[in-house]
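Here the structure is laid out as C-alpha cells; the discussion comes afterwards.
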Amino acid sequence: MSGTSAALKPPADAVKPVRHPEAPAPGELLGAHYEHCFGCGEGQQHGLHLQARAGEGVRVTAEFTVKAAHQGAPGLAHGGVLATALDETLGSLNWLLRVIAVTGRLETDFVRPVPVDTVLHLDAETTAVHGRKIYSRATGRIGGPDGPVAVRAEAVFIEVKVDHFIENGRPAEIQAAMADPDQAKRVRAFEVNP
C-alpha cells in the first residue's frame, strides 16, 4: 500500500509474530467463531460465509463468493463488503496467535472492481507485534489465488480481554453466547473480532 498511514507502521522495537504451539494446523479450516457473525457465520442469510484456513507461520487464506445481496453498483461488490471480507480474514489471524483482539485500524485499497458471482481469494499475514498491537496485511485476488489483486488492506488489531465483549455487547446476545452448553462454542464466540 503506497499511502499507508503512520499508525499502520510497526515501531522499530516491534517483534516478529510467533505462531502459538496450539494454533490450528496448516490447512485446517478455522470455521465460524460465532454463528451470527456477518463475516463468517452461517446464521446470517446475507452474510459473507467466509471460510478461512490456517496457513504456514502466522498466515491464513480465505474465500468468499460475492452474491447479489453484496452489490454496491449494479453487478459489482459493495466496497464495504470487500472491506468486511478483508477485516474478517485479518481477524482470523489472531487464532494463530491465540489472542482475543479487535480491529483498531483498517486501511483498504480498492484496486479493481469485483463482479457479483466472483470468488474472492484472500491471503493474510501478521507482520509484527508490539505490546497489545498486532500488525497485519491482506490481499484479495480474483480469478484464483494467483489472479490479479482486486483489494488489499493493512490493519492494526488490539489485544483485549473477554470483558471487552461482555461489557460492550448487547446483553441478549452476550447471555445467549455464554449460556451455550457447548463450551468450545462459548469460548470461540469471543475469540475473533466480531
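Coordinate-derived values only; no laboratory data. These figures come from a predicted structure and were not determined experimentally. Neighbour counts run over all protein chains shown; Cβ positions are idealised from the backbone, glycine included.
Applying the Karplus relation 6.51 cos²θ - 1.76 cosθ + 1.60 with θ = phi - 60° to the range 143-149 yields 3J(HN,Hα) values of x, x, x, 10, x, x, 5 Hz, where x marks Gly and Pro.
Couplings 3J(HN,Hα) for the range 69-81, derived from phi with the Karplus relation 6.51 cos²θ - 1.76 cosθ + 1.60 (θ = phi - 60°), are 5, 9, 6, x, 8, x, x, 10, 4, 5, x, x, 5 Hz, where x marks Gly and Pro.
Between H78 and H46, the modelled label-to-label distance comes to 0.6 nm, taking each label 7 Å out from Cα in the direction of the beta carbon.
Label point 7 Å out from T65 along Cα-to-Cβ: which residues of the range 112-133 have amide N under 11 Å? Under 11 Å, as judged by backbone N against the label point of T65, lie 117-120 of the range 112-133. In this simple spin-label model, placing a label point 7 Å from the Cα along the Cα-to-Cβ direction at both D13 and A25 gives a separation of 4.0 nm.
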